[in-house]
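A short reminder: the numbers here are calculations on the coordinates, not readings from a lab. Quick caveat: nothing in here was measured; it's all calculated off a predicted structure. Neighbour counts run over all protein chains shown; Cβ positions are idealised from the backbone, glycine included.
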Amino acid sequence: MGIVKEPSPDEVGGPNMVYPSASSAAHHFSTSGISVAVATAVTHPLDVLKVRLQMQLVGQKGQLLGMGRVLTQVMKNEGARALYLGIMPALTRSLLYGGVRLGLYEPCKYVCDFTFGSTNVLVKIACGAFSGVIATALTNPMEVLKVRLQMNSSRKLQQGRRGAIREIHSIVAREGVKALWKGVGPAMARAGALTASQLATYDESKQALLRLTVLEEGFQLHFISSVVAGTMGTLATTPLDMIKTRLMLQRESNASRIYNNGFHCAYKVLNEEGFRAVYKGGLVTFMRLGPQTTITFVVCEKLREISGKKSI
C-alpha cells in the first residue's frame with residue numbers, strides 16, 4: 001500500500017485535489033503528538049522548576065529564590081525524583097495536546113488558502129492561535145493535574161497519598177469538577193499565543209532562510225528555525241503561563257489569595273508584586289521552551305521525512 005500524497009496548497013479545492021484517508025490523518029496527528037511527547041519527556045524537570053518558581057512565597061514576605069537555589073532545595077529536601085513529579089499526566093497531555101496543536105495547523109492553512117487565497121504571516125498566526133486554543137480547551141484537566149502534582153512533595157508520593165488518580169479524586173471531591181478547568185482562560189490565551197508565535201515564526205523563518213541562505217531542507221534549517229521560534233514563544237507566553245499556573249494552583253480555602261479570573265490575577269500580581277513578577281520563572285521557561293521547541297520541530301520533521309510526508 002503506497003503512501004497517500006498530501007495535497008499542496010495549490011491543489012486545495014481544485015480538480016486534482018487528493019483527499020487524505022483516515023489512516024493518513026491519524027498518522028499526521030500522531031506524528032505531531034509523539035514529537036511533543038518526546039520534547040516533554042526531555043524538558044520536564046525544567047517545567048517542575050518553572051512551576052515552583054512561579055508559586056514561591058505567594059502571600060509571604062522574603063527574598064525570591066533564583067532557579068539555582070530552588071533546584072538545590074528540591075534536590076536536598078525531596079530528591080531527584082521530585083523533578084519528575086507529574087510526568088505521566090504531562091506525557092498524556094502532550095500526546096493529545098501536541099497532536100491537536102500541531103496537527104490542526106496545516107489543515108487550517110489549507111482552508112484559509114482556499115477561502116481567502118492567501119497564507120501570509122497573519123493567516124499563519126491566526127491558524128496557530130486557533131489550533132492552540134482548541135487543543136488546550138480539550139486537555140486542560142491534564143494540565144491542572146500536572147501542576148498540582150508538581151507542587152506536591154515527593155514525600156507524599158512515597159507515602160502513597162498523592163498519585164495521579166488520588167489527586168483527581170481529591171480535586172473533584174474538595175473543589176468540584178469545574179476545578180479541572182481552572183485557569184482554562186489564561187491557558188487558552190497562552191496556548192494560542194504560543195502556537196501562533198511558534199508555528200508562524202518557524203514557518204516564516206524557514207521560508208526566509210531558504211530564500212536568503214544556502215540552507216536546504218534538513219537538520220540545520222530545522223534547528224535554526226526552531227531556535228528562533230522558541231525565543232519568540234518564550235517572550236510571548238511567560239506572563240500568561242505564570243497567571244495560568246497561579247489560577248490552577250489556587251484553592252478555595254485560601255480566601256486571602258483568590259483570583260476571580262485571569263485579568264484579576266494579572267492585576268493583583270502587578271499591583272502587589274510588581275511588573276517583574278509576571279516574568280517569574282522566565283529564565284527557566286526559556287531554558288525549557290527553547291529546547292522543547294527545537295526537539296519538537298526537529299523530531300516532527302524527521303518523522304514526517306521517514307513517513308514520506310512533506311515538511312512543515
Legend entry - About the Cα centre, charge dipole magnitude for the range 43-142 (Lys/Arg +1, Asp/Glu -1 at Cβ), debye: 420
Legend entry - Sequence ranges 78-86, 269-277, 138-146, ranked by mean other-Cβ count within 10 angstrom, highest first: 138-146, 78-86, 269-277
Inset, instruction - Run the dipole for the range 9-306 about the Cα centre, Lys and Arg Cβ at +1, Asp and Glu Cβ at -1, nothing else charged, and hand back the magnitude in debye, nearest 20. - result: 1800
Inset, instruction - Treat the count of other C-beta atoms within 10 Å as a stand-in for reagent exposure and order LYS310, LYS182 from fewest to most. - result: LYS310, LYS182
Legend entry - Stretchable slack from SER170 to VAL121, in nm (0.36 nm times residue separation minus alpha-carbon distance): 13.2 nm
